[in-house]
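Student: Before we start, here is the structure in question, set down as structure tokens.
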Amino acid sequence: MKKDLQRKINDKTAAIGIIGLGYVGLPLAVEFASNRFKVIGIDVDKDKVNKLNKGENYIGDVSDDNLMQLVTSKKISATTDFSVLSDVDAAIICVPTPLNKLKDPDVSYILNVLKQLSKYVHKDMFISLESTTYPGTTRELILPALEKTSLRVGKDFYLCFSPERVDPGNEKYQIKNTPKVIGGITEKCTEIGKILYESIIDKVVPVSSPEAAETVKLLENTFRSINIGLANEVAIMCEKLGVDVWEVIDAAATKPFGFMKFTPGPGLGGHCIPIDPHYLSWKMKTLDYRARFIELAGEINTGMPVHVLDLISKGLNRFQKSINGSKILILGIAYKKDIDDVRESPALDVMTLLEQGGARVEYYDTYVPNIKWHGKDKNSQNALSSKILRSFDATVIITDHSNMDYDLVRSESRLIIDTRNVFSGIKDSKIIRLGNTQSY
Ligand SMILES: NC(=O)c1ccc[n+]([C@@H]2O[C@H](COP(=O)([O-])OP(=O)(O)OC[C@H]3O[C@@H](n4cnc5c(N)ncnc54)[C@H](O)[C@@H]3O)[C@@H](O)[C@H]2O)c1
């Protein structure tokens, strides 16, 4: 039986079901379809399903032309109907795993998928969970739901965890050339998963269990969170020392070994780095262990928007102004450079703090034409003109998109708070740079 599934994967006649067609699921679906597999995407969001079926792209990392061509040639389609899972050979789960209000894992999306998947799991089916989650999810949550049937893992169906490592906007590393870690419940599960992923990815890295694979993902993002936390704390220390943190980091980064460059900023954003470490610390709490590095980095990183507010306040002070009553323009509200995702963006925290302090806040971001703000639509400024820049008391650079006219920003803004070192090395009394008191 297993041979049959293997053969179907090898000759690319295996039908692939991707559950959750967001930032992770859609590019993965496109990658399989581009490699001659027939792909069906399943999502509860009708809008995404309709768009995909019309060949309309909604994810930056996917090529419009490629998607249209794959839809036209019927290599890829989408549905809200989970019964199609009866006919797929491999199902890959890419649904959200956010935190709830208490910062505990919210696995409700996975549980909703399981309600459906357990109805349609069948003999010889391969299932992989790609959503980031706490160690133990695959074995403790997914496996029992699927084994409620008469089917047995490793014999009748195959179950793995394989973390997604997509880095939106990264032009060098995409799905194909980013090594993929995989850990199955049994050796056979890992073996099948390895063969499947190797048909679209250059290097697949098997580990001994789903728990190991789940922990790999959490280590990767915890590593980033902690090192960004360190860079942020060094920035604050450098402000007190009267040293330019950017100069220090750049010089340290010339060391060819034993140092890795991380930079400070206005806070963490996105669906991964601010969230994933909490999955690990939550799990550790259940084992009576306090993950201290994670907590400390979280404390420093979540404090950065307040620090930015302090810098804005210092800048306004120079003009005998206060946050209360000032008009502030935020440049870049996506959580990182050159992408359109605002999830967990520190810009939103800075905007909230400014508004709480009585400021009037607008933003400019060509990647994010509008956002929902206090339940209403809030639009980006149409353009970055002299008139607009001059009409604000301060311009705050939160995200340094490449398409911004920074010469115009510099010449026309009354005051600039630069949290990304856009104006590196420039001495100008109206520019305040995070991590560099020499500039203010
Ligand atoms: N975005 C990233 O850069 C990234 C990187 C690595 C890992 N991840 C992880 O991958 C997972 C997915 O993240 P994402 O950024 O793609 O999220 P997303 O919100 O962009 O997409 C998730 C999709 O799942 C759909 N969905 C929700 N419930 C569903 C259900 N019951 N059945 C079918 N579809 C359902 C949503 O409608 C949405 O289209 C998360 O666990 C995330 O932590 C994300």
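What follows is calculated from the coordinates using simple rules that are stated; it is not laboratory data. Bear in mind that the values here come from a model prediction, so they are computed numbers and not experimental data. When we count neighbours, we look across all protein chains shown, and the Cβ atoms used for this are built from the backbone with ideal geometry, even at glycine.
Student: Between ILE432 and residues 5 or more places away or on another chain, which pairs have amide H atoms under 5 Å apart, with H built 1.01 Å from N, and which residues are they?
Tutor: Placed amide hydrogens put ILE416, ILE417, ASP418 under 5 Å from ILE432.
Student: Rounded to the nearest 500 deg cm²/dmol, what is the calculated helix-only ellipticity per residue at 222 nm for the chain, with -39500 (n - 2.57) per DSSP H run of length n ≥ 4?
Tutor: Here the helix-only value at 222 nm equals -12000 deg cm²/dmol.
Student: Continuing with this model, one more query. Can you tally the net charge around GLU412? Count Lys and Arg as +1, Asp and Glu as -1, for every other residue whose Cβ sits under 9 Å from the Cβ of GLU412.
Tutor: Net local charge, GLU412 excluded: +4.
Student: Separate question: So what are the ³J(HN,Hα) numbers for the range 410-419, from phi and the Karplus equation (6.51, -1.76, 1.60; θ = phi - 60°), rounded to whole Hz, Gly and Pro as x?
Tutor: Here the 3J(HN,Hα) series is 5, 6, 9, 6, 7, 8, 10, 10, 10, 8 Hz.
Student: Just how far, in whole angstrom, is the range 249-302 from the range 385-405 if you go by their alpha carbon centroids?
Tutor: About 29 Å separates the Cα centre of the range 385-405 from the one of the range 249-302.
Student: Also, quick follow-up: For LYS101 and THR149, calculate 0.36 nm times their separation in residues minus their Cα-Cα distance, and state this gained length in nm to one decimal.
Tutor: Gain on extension, LYS101 to THR149, equals 13.9 nm.
Student: Would you list which lysines come within 17 Å of LYS327, measuring only between C-alpha atoms, while excluding same-chain residues fewer than 8 positions from it?
Tutor: Partners within reach: LYS314, LYS378, LYS387, LYS430.
Student: Then there's this: Nearest 5 is fine: what % of DSSP beta bridges in the chain come out antiparallel, could you say?
Tutor: 15 percent
Student: At a Förster distance of 22 Å, what's the computed FRET efficiency of LYS46 paired with ARG343, Cβ-Cβ distance as r, to 0.05?
Tutor: With R0 = 22 Å, the Cβ-Cβ based efficiency is 0.60.
Student: When Rg is the radius of gyration of the Cα atoms in the range 1-116 and Rh is its Kirkwood radius, what does Rg/Rh come to?
Tutor: A ratio of 1.00.
Student: Treating the angle as unsigned and between 0 and 90°, give the value, to the nearest 10°, between the Cα long axis of helix 187-198 and the longest Cα principal axis of the chain.
Tutor: Long axis of 187-198 versus the principal axis of the chain: about 60 degrees.
Student: To continue, here is another question. When a/c is below 1.5 the answer is rounded, else prolate if a/b is larger than b/c, else oblate, so apply that to the range 48-144 with a ≥ b ≥ c taken from the square roots of the Cα gyration tensor eigenvalues.
Tutor: oblate
Student: Which value, in debye to the nearest 20, describes the size of the charge dipole of the chain about its Cα centre when Lys and Arg Cβ atoms bear +1, Asp and Glu Cβ atoms bear -1, and nothing else is charged?
Tutor: 300 debye
Student: Is the range 307-426 rounded, prolate or oblate when judged by the Cα gyration tensor, a ≥ b ≥ c being the square roots of its eigenvalues, rounded requiring a/c under 1.5 and prolate requiring a/b larger than b/c?
Tutor: rounded
Student: What is the list of residues in the range 406-427 whose amide nitrogen lies under 19 Å from a point 7 angstrom out from the Cα of LYS261, following Cα to Cβ?
Tutor: What the label zone holds, given the 19 Å backbone N cut-off, is 419-426.
Student: Normalised by the residues of the range 204-360, what does the relative contact order come to in percent, with Cα pairs under 8 Å and at least six apart?
Tutor: Over the range 204-360, the number comes to 25 percent.
Student: State which entries of LYS38/LYS376; LYS103/LYS217; LYS101/LYS337; LYS48/LYS188 exceed 30 angstrom in Cα-Cα distance in the structure shown.
Tutor: With Cα atoms farther than 30 Å apart: LYS38/LYS376; LYS48/LYS188.
Student: OK, next. Could you size up the charge dipole of the range 295-440 around its Cα centre, putting +1 on the beta carbon of Lys and Arg and -1 on that of Asp and Glu, and report it in debye to the nearest 20?
Tutor: Computed about the Cα centre, the dipole is about 600 debye.
Student: Another question, then. With everything on Cα atoms, drop me the angle between helix 292-318 and the longest principal axis of the chain, reported from 0 to 90° to the nearest 10.
Tutor: That works out to roughly 30 degrees.
Student: Please give the contour-minus-distance gain from ILE195 to ASN403: 0.36 nm per residue of separation, less the Cα-Cα distance, rounded to one decimal in nm.
Tutor: Full-extension gain reported as 70.8 nm.
Student: Between the helical axis of 346-356 and the dominant principal axis of the chain, each derived from Cα atoms, what acute angle in degrees is found, rounded to the nearest 10?
Tutor: Here the helix axis deviates by roughly 50 degrees.
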